[in-house]
Amino acid sequence: MIRFENVSKKYPDGTKAVHSVNMDIKQGEFFVIIGPSGSGKTTLLKMINRLIPLTEGTIFINDKKISEYNIHELRWNIGYVLQQIALFPHMTIEENISIVPELKKWARKKTKENVMELLQMVGLDPDTYLQRKPMELSGGQQQRIGVIRALAADPKIVLMDEPFSALDPISREKLQDDIKEIQNSIKKTTVFVTHDMEEALKLADRICIMKNGEIVQIGTPQELIDNPANKFVESFVGTHQTGLQKGIKLEDVMDSIQEEILPPSPSHVISISTSFEDMLEHLTKKEKLIIEKDGTYVGTINRQMIIQYFANKLDGNQITGGK
Ligand code: ADP
């Protein structure tokens, strides 16, 4: 539905923010773009609704170039949620949410019905909140209004740029749950930028991992966990997945295996092809295991090494993990 063909962005000062991006976001998909600060996520997002002009390549929405859409038509049909929601302070909640439906000249009744339904979806009672002003709401409630304002005119596409990152953890989790529920009932094509892998894994149908303006890998959360394209993806995804249940092979831990050869004791020997889970199971009973490959003893592994292995992985994540 949203197709990027060789899209690049170079800012006037010469900064190359996005390089030759190719991707196809499907209809109804919840597509999460994630990457370290400065990797080009926001630039990529804002090129979709032409808030930022692209330098090279083409973006298509439903096979029509975005440059061929009337700019109002494009913006009104793409909901947009920012990190710091900018509700109009002098307008009521109802007026704030109704802005785009009114621009689109929807009938009053239809607008009102939609506004009420959306408020209920995010757990805000319309009778209580419709006539309030934004400052009479908490930060989390205001952000909820920001989300439903983006949905109010029934856009086909919704863009969200770190919409929850300014919220406290509880409001954040509540809004993530709301978004998931809304997405299940009204399937929108959503492009969601975050630097929080936990959020990405929770919400995404597919995740696009970016680094230095380029796509490193696109895949479902499970695909990224099972088959990370490289160490960068592995460390990024690994922050929230120890990989224990995902079939790490013993070879993956080979660095930690000592080169010494010990007198074999049959009950302590395992094959190099033993699954990681089974090896852990053995280690719950034995302090040390001997590893065998094609009939030759290739080393040993003990509990301490496994702890060290995961400690190293966690360390790596802190370097690349977030903003
Ligand atoms: P992210 O959203 O991943 O943090 P951005 O898309 O905001 O990344 O930025 C990508 C790169 O482009 C960064 O190096 C940033 O400094 C640069 N950049 C962003 N906006 C501008 C601008 N208006 N002018 C020049 N450089 C910019």
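Nothing in this text is a laboratory measurement; each read-out follows from the coordinates by a stated rule. Not measured: the values here are computed from a predicted model. Virtual Cβ from ideal backbone geometry, glycine too; neighbours counted across all protein chains shown.
Summary table below
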{"quantity": "The range 34-156 shape via C-alpha gyration tensor axes, a/c threshold 1.5", "calculated": "oblate"}
{"quantity": "Residue-wise HN-Hα coupling along the range 5-18, computed from phi with Karplus coefficients 6.51, -1.76, 1.60 (Hz; x: Gly, Pro)", "calculated": "10, 6, 7, 10, 9, 10, 6, x, 7, x, 5, 8, 8, 9"}
{"quantity": "For the chain, built as a Gaussian network whose Cα springs stay under 10 Å, the top-fluctuating residue of Gln183, Gln304, Gln142", "calculated": "Gln304"}
{"quantity": "At most 12 other Cβ within 10 Å, DSSP loop - trypsin sites (Lys or Arg not before Pro), the range 62-163", "calculated": "Lys105"}
{"quantity": "Relative contact order of the range 2-238, defined on C-alpha pairs under 8 angstrom at six or more residues apart (%)", "calculated": "29 percent"}
{"quantity": "Phe192 long-range amide H proximity, modeled H, under 5 Å", "calculated": "Phe31, Val32, Ile33, Met160"}
{"quantity": "Whole-Hz couplings from phi, Karplus 6.51/-1.76/1.60, listed for the range 140-149; x for Gly and Pro", "calculated": "x, 5, 4, 5, 5, 5, x, 5, 6, 4"}
{"quantity": "Neighbourhood net charge (11 Å Cβ-Cβ; Lys/Arg +1, Asp/Glu -1) for Gly79", "calculated": "+3"}
{"quantity": "Cross-link pairs Lys26/Lys112; Lys105/Lys174; Lys46/Lys156; Lys110/Lys188 - those with Cα-Cα distance over 22 Å", "calculated": "Lys26/Lys112; Lys105/Lys174"}
{"quantity": "Under-5 Å amide H pairs with Ser8, H placed in peptide plane, nonlocal only", "calculated": "Ser20, Val21, Thr55, Glu56, Gly57"}
